[in-house]
Structures are given as structure tokens and as C-alpha cells.
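Every number in this text was worked out from the coordinates using simple rules, so none of it is lab data. Just so it is clear, the structure is predicted and the values come from calculations on it, not from any experiment. Neighbour counts run over all protein chains shown; Cβ positions are idealised from the backbone, glycine included.
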Amino acid sequence: MEQEYSRILEECRTTVEDPEYPAVHKWLSENPNGKVLGHFQVYFPEEIAHAAGMLPLKMMGFDSSVQVRKADAHIAAFVCSILRTTLEQGLSGRLDFLSMYVTTPICDAARHISGVWTRRFPDMSCQILYLPQNASSPHAAGYLLGEYRRIAGIIEEITGTSITDESLRASIELFNENRRLLRELYRIRRETPWQVGLTDSYLLMAAGGAMPRERHNELLGRALEIIRSRDHRPQDKLRVVFEGGYCEQPPIEMLSVLQDVAYVVDDDLMIGLRWLTEDVATSGDPMQNLASAYLEASSYSVVQRDPRKPKEAMLLARIKESNAEAAIVAAPKMCEPGLEEQVAYDAALAEAGFPHLIMEFEEKTANFEQARMEFETFAESLLFEFA
Ligand code: SF4
């Protein structure tokens, strides 16, 4: 069984790490007229694209395997890495298969990047999905439904396929299953983190953003069966929550260093894939259900403003629910919303007397000695304190 698990993990690793998008090319070879919609972080209702037969692709940045050369001519060098590496992917021709690119106004830089894509890729439909600025407004649901319908109309034009209630319901069911599997993965991490490490969990999850969800459900379902059958022994490690992986992702090697010194019992890595926290209803108007779920049954992140979900309280709840003993509060370098929120998280955790480490990361970092030293010093100081 562990050999089968290794094969599953390898497929996920290749899907996540190979900047040539092998899983997308495989899908295109099987669907020669298929169209791909790339969407930038954090959340996009992928069901809408899927219902029209498109392959939704969650645009991830890449580590040092993607050298930023051409993008620097179009975007300032002081913006975060993920905006530059995804643009570099486009400019280098690796994303020529995209028919549509969608970003959301999660920050000023992401809002403006759409203009760059529009000018550089005139044959591609480059869109901004305007998510509600205030998710608690009584008008938010109606407004968001209008936005989803507008994007759906563009998708229908591109694909020549109508998105019917039936096709959307079927897609919602597929993605509900995917989210159920991801919730199960995270339940195992919270309850028995020694059965599956952080990097395995991350690869198993993130692969879903870059391969057909049908395939991802198969792989993840089987991987979970194998993980559940394990009988690994727990080690004496600190239980920590990692916060800061909502948009640009930390390098996998950095996660590997972290898992060497601690059990990461919960995190917000790729939170867009787990944004909806419950099954989306399939009865009634499915588009309306998707819009309501975004607002009413969703996680939190530094890029969404919802006064009903104060982020400090949400982080403290995540810590409590996962029975964590400490938190790593990270932010991508040059990320305005993330660095701003770090200040609030720091104050809230200090007030609660909860041990935490504040740090920054960049997806293209290649040297992890500094991170290892920080994690080890932090963990050791706490283990001595708890002893
Ligand atoms: S990492 Fe931060 S600054 Fe960069 S696109 Fe994401 S939210 Fe914006």
C-alpha cells in the first residue's frame, strides 16, 4: 500500500512542481477542443467553469525553477513573487493553452495585474471577478450572484456551451466531494498529525488546483484510505498552526524544514481550495447557492473583509480547534495585506499569552538554514518551557 501511496504522491508532486503543467497537457490531449481557465489566488468558483466543460487551473507561483526575466519589464520588482512568476509563465509561452484568465481584487497589485494581462495577451479573455468589498452587507449576496452570472456568460461565449442548472449541480457535487476529502485530510492532521506530514498533505491538496478534480478525487480518496490504515507512532513534537499561506505559497522545502521540528496541525495553505467549509446545496438555484456559500459558509483570509469574521478571532479559533501549542504567523515578502494583518495577529496572540513566531517568506527562496534555525530555536524554547 505504501508503494501505491508513493506513486500517488509522485503524481501530485509533479503536478504541483513542474512548471510545464503536465496534468493540463494530458487533459488537453484527451480533450482536444477543451478550454482552460486560469484563475489567480485566492478563491474562484471553479464549478462555473467546470459546468461549461472547462478545466479550471489555480495559478500557483513557482520556486526558483522559474527565473523572472520578461515579467520585470511589465511589473515593478518590488511586488510579491507570485504575481511576477505567474506573469513570467504567461510571457514565456507556458500558459499558451489558457483561453481565459481571471483575477480578483485581493490587493492593489492583483487588481492591476489584470491590465497587464489584457494588454499582453489580447487573444485571451482577461477578467476581474469583483468579489464584494464588504461581505457582511445585505446587498453582498445579490451583487455576487450578478458577478457570477457575468463571468458565467463570458465562459459560455468562450466555450459555446450553456451552463444549465443541471450541469452546475453536477459540478457542485464533484467539488463538494473534493472539499469533503480535503476536510478529512485536515481532520487527520488535527487528530493524528503523525500519520501524514505537512509536505505530503500539502502536495495531496495543492495538486487539485492543477489537475481535473475527477482525477484528484480518485487520488485523494485512495491516499486517505492508506493514511487511515497507518499505525505510525507519535513523536514528542510541538503542535503548531501555520498562518500565511493564503496566496503566495511558501517553498515546499521550507514546509519540510518546519515539519522536521513540529507537527503542523492546521494551516491556511491554498485556502481557496478549502474556502467553502460545508457542502454547497444543489437544490434550488445552484448559482445562488454558490454565491451564498462564499459569504455564509466560508473560511477567512487577510484578503477578505467581513466584519462578522474578525481575523484575530478566527485565528484563535483555528488554534483552539486544532489544540495547537504555538503559531507560526508568516506573510509573503512584499504582501501588503499579509504584512498589515501580521501586526494585528501579533497583538492578539500576545494579549492571549499565546506563543508565536512572526516571519516572512518568498516562494523562490532557495536557502532554508535561516528558517531552520528560527523554527528550531522557537520550538526548543517552548519545549523547555513546557517540560
Ligand atoms: S501575495 Fe499578497 S501582494 Fe501578492 S498577490 Fe497575493 S495578496 Fe497580493
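Mind checking segment 245-287 for GluC sites (Glu not before Pro) that DSSP puts in a loop (not H, G, I, E or B) and that have at most 13 other Cβ atoms within 10 Å?
Those that pass, being in a loop and sparsely packed, are GLU278.
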| message | Below 8 Å between Cα atoms, with a sequence gap of 6+, how large is the relative contact order for segment 181-246 in percent? | response | 41
| Any idea what angle helix 165-191 forms with the longest principal axis of the chain, computed on alpha-carbon atoms, 0 to 90 degrees, nearest 10? | 10
| Looking at this model, which pairs from LYS70/LYS311; LYS58/LYS333; LYS237/LYS311 are more than 31 angstrom apart at the alpha-carbon? | LYS70/LYS311
| message | Quick check on the chain: helices-only [θ] at 222 nm, where DSSP H runs of length 4 and up contribute -39,500 (n - 2.57) each and the sum goes over total residues. Nearest 500, please. | response | -16000 deg cm²/dmol
| said: Rounding to the nearest 10 and keeping the result within 0 to 90°, find how far the Cα-based axis of helix 286-296 lies from the longest principal axis of the chain. | reply: 30
| note | Ordering 188-200, 348-360 by per-residue average of other C-beta atoms within 10 angstrom, highest first, gives 188-200, 348-360
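What is the sum of charges, Lys and Arg at +1 and Asp and Glu at -1, for the other residues whose Cβ falls under 14 Å from the Cβ of HIS112?
Details: positive: ARG84, ARG111, ARG119, ARG120; negative: ASP108, GLU336.
Counting the neighbours of HIS112, the net charge comes to +2.
Using a 10 Å cut-off on Cβ atoms, rank the peptides 150-163, 224-237, 321-334 from the highest mean neighbour count down.
Packing proxy ranking, top to bottom: 321-334, 150-163, 224-237.
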| task | Jot down the radius of gyration and Dmax of segment 20-163, Cα atoms only, both in angstrom. | result | 15.4, 45
| If you line up the long axis of helix 213-228 against the longest principal axis of the chain, both from Cα atoms, how many degrees apart are they, to the nearest 10? | 20
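Chymotrypsin sites (Phe, Trp or Tyr not before Pro), restricted to segment 16-118: which are DSSP loop and have at most 10 other Cβ atoms within 10 Å?
Counting only loop positions with at most 10 other Cβ atoms within 10 Å, the chymotrypsin sites (Phe, Trp or Tyr not before Pro) in segment 16-118 are PHE78.
Based on the Cβ-Cβ distance of ASP285 and ASP260, what FRET efficiency does E = 1/(1 + (r/R0)^6) give at R0 = 56 Å, to the nearest 0.05?
E(calc), rounded to 0.05, equals 0.70.
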| task | Please identify which residues in segment 71-96 have an amide N closer than 11 Å to a label point set 7 Å out from the Cα of ASP123, following the Cα→Cβ vector. | result | 96
